[in-house]
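Every read-out reported here was derived from the displayed coordinates using simple, explicitly stated rules and does not represent laboratory data. In this text the structure is predicted, and so the values were computed from the model without any measurement. We place every Cβ from the backbone using ideal geometry, glycine too, and count neighbours over all the protein chains shown.
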Amino acid sequence: MTQTRKRRPSSPKQAATCCRPIDDLLNPDLFKALCDPTRLKLLACLAKCGRACSVSEVAECCSVDLSVVSRHLSMLNKAGVLKAQKKSRTVFYSVQYGQLCQALRSLADAVEECCPGDAAKSEGTCCGKC
């Protein structure tokens with residue numbers, strides 16, 4: 001039984017007019033939040049800690065001023081990567097594991113969906129599904 005493939009656009013201009021899941025999943029705010037090495041280090045620190053931490057606790061992960069750490073954590077919060085909870089005058093941040101995993105998993109699935117059938121031949125393997 002032969003597998004039928006969807007007809008693919010033949011040019012980038014044609015591809016731009018197609019609406020696929022990848023268009024909605026490429027979230028600029030998420031990528032902006034994840035593109036800074038310090039933010040990634042703070043995210044990794046929180047993820048490995050596995051609990052909500054105060055800004056001052058998270059600041060111990062790196063040699064950056066507390067106000068800068070607070071701005072970085074706020075940006076990760078706005079992108080949906082972290083959750084902020086204020087208790088009295090202290091803000092605690094925790095990783096939104098489910099939301100972050102789902103966003104990255106959905107994006108990976110959408111990228112795999114765009115994978116042309118002959119990509120596995122030219123690049124070794126594409127995604128294992130092509």
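Results for (1) touching a Leu at 6+ places or on another chain (Cβ under 7 Å); (2) under 22 Å from Ala108 (Cα atoms); (3) aliphatic (A, V, I, L, M); (4) outside any loop (DSSP other than H, G, I, E, B), shown as yes or no for each residue.
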site	(1), (2), (3), (4)
Leu42	yes, no, yes, yes
Arg51	no, no, no, no
Ser63	no, no, no, no
His72	yes, no, no, yes
Val91	no, no, yes, yes
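Of the residues contained in the stretch 75-84, none is found to be surrounded by fewer than 17 Cβ atoms within 10 Å (Cβ to Cβ) and more than 20 Å from the chain's Cα centre (by Cα).
Within the bounds of the stretch 96-106, is there any residue that is in contact (Cβ under 8 Å) with a residue 24 or more places away in the chain, assigned to a helix (DSSP H, G or I) and surrounded by fewer than 17 Cβ atoms within 10 Å (Cβ to Cβ)?
Just the residues of the stretch 96-106 that are in contact (Cβ under 8 Å) with a residue 24 or more places away in the chain, to begin with: 97, 103, 106.
From what is left, the residues that are assigned to a helix (DSSP H, G or I) are 97, 103, 106.
After this cut, where a residue has to be surrounded by fewer than 17 Cβ atoms within 10 Å (Cβ to Cβ) as well, the list is 97, 106.
The answer is yes; a qualifying residue exists.
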